[in-house]
1. Just the residues that are in a helix (DSSP H, G or I) and among the small types (G, A, S), please, taken from the range 148-177.
2. From the list K25, K87, K44, pick out the single residue that is farther than 27 Å from K168 by Cα and surrounded by 12 or more Cβ atoms within 10 Å (Cβ to Cβ).
3. Could you count how many residues in the range 111-123 are touching a residue at least 12 places away in the same chain (Cβ under 8 Å), of a type outside the set (A, V, I, L, M) and in a helix (DSSP H, G or I)?
4. Under 20 Å from T170 (Cβ atoms) and in contact with a His (Cβ under 8 Å, 6 or more places away or on another chain): is that true of T125 in this structure?
5. Given L190, L179, which one is of a type outside the set (S, T, N, Q), farther than 24 Å from A99 by Cα and in contact with a helix residue (DSSP H, G or I) (Cβ under 7 Å, 6 or more places away or on another chain)?
6. Taking Y139, is it in a loop (DSSP other than H, G, I, E, B), more than 28 Å from L117 (Cβ to Cβ) and at pLDDT 95 or above?
7. Out of (1) within 25 Å of M72 (Cβ to Cβ); (2) surrounded by 14 or more Cβ atoms within 10 Å (Cβ to Cβ), what's the single condition that is false for T169?
8. Which condition breaks for K53 when tested against (1) under 29 Å from Q175 (Cβ atoms); (2) surrounded by 13 or more Cβ atoms within 10 Å (Cβ to Cβ); (3) in the same structural domain as M194 (by TED's automatic domain parsing); (4) free of Cβ contacts under 8 Å to residues at least 60 places away in the same chain?
Amino acid sequence: MNELVYLKNNAAVCDSLQVAEKFGKRHDKLIAEIRRMYGELIGKRTPRNGGAKFFFESTYENRGKRYPMFLMTRDGFSLLVMGFTGKNALEWKLQYIRAFNQMEKLIQEKSTAAYQLSDQAEKATRKTETDIIKEFVEYARAQGSTHADHYYSNYTRLAYKAAGITDKTTAAGLQLDELSLVEHMITHTLKAGMAAGYSYRNIYQTCKDRLEAMQSLQCIA
């Protein structure tokens with residue numbers, strides 16, 4: 001997980017593992033401090049902050065083993081890092097505040113009618129794209145491709161990169177609209193390429209070239 005703040009059960013949270021890394025703390029000592037200082041707030045709602053939770057028990061995986069960590073809301077994060085000092089502590093606090101603001105703004109946007117329309121439109125476009133990719137996988141396999149199944153994930157990564165997102169669940173409405181446009185372009189390119197009998201490699205490269213051109217135009221704009 002690269003984002004400082006992400007969605008968990010429709011709540012904006014960060015995790016103790018990244019907080020420890022960014023603020024130069026040992027993670028085992030940090031979670032021990034959370035248990036010692038804020039044990040009564042772990043997993044509980046309290047009227048002191050409007051009924052929201054502060055800390056959630058969780059785990060992460062490392063080399064096949066699972067280890068404890070905490071997820072925390074903005075309030076939990078604020079309590080934890082309030083007294084943190086050091087060379088970069090202030091900058092990381094500000095970065096986390098900005099990240100929480102952005103995620104909470106997204107949560108509010110997700111409840112609007114405009115966002116719902118963008119989300120529904122993107123899902124419909126994605127369904128059409130997936131159907132065409134399925135045809136393209138068979139088309140590529142018939143031409144000798146031994147890794148044709150990878151095109152599902154390959155085209156998803158290309159689309160996300162072109163739309164400027166890393167995770168569709170945290171995409172804003174305008175980003176979903178952009179993603180729909182990208183997916184429509186991929187669908188059209190695959191259909192046209194297969195209809196013309198082009199090599200599957202050439203079709204894939206054409207898609208990549210067009211997506212890169214779209215990104216260039218966005219940068220210029």
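1. A148, S153, A159, A162, A163, G173
2. Numbers: K87 fails: surrounded by 12 or more Cβ atoms within 10 Å (Cβ to Cβ); K44 fails: surrounded by 12 or more Cβ atoms within 10 Å (Cβ to Cβ).
Residue meeting the stated conditions: K25.
3. 4
4. Yes; evaluated as a whole, the condition is true for this residue.
5. Working: L179 fails: farther than 24 Å from A99 by Cα.
After ruling out the rest, the residue left standing is L190.
6. Criteria not met by Y139.
7. The number of the failed condition is (2).
8. (3)
The values are calculated or read from the model by the stated rules, or taken from the named source; none is laboratory data. Just so you know, these numbers come straight off a predicted model, no measurement behind them. We place every Cβ from the backbone using ideal geometry, glycine too, and count neighbours over all the protein chains shown.
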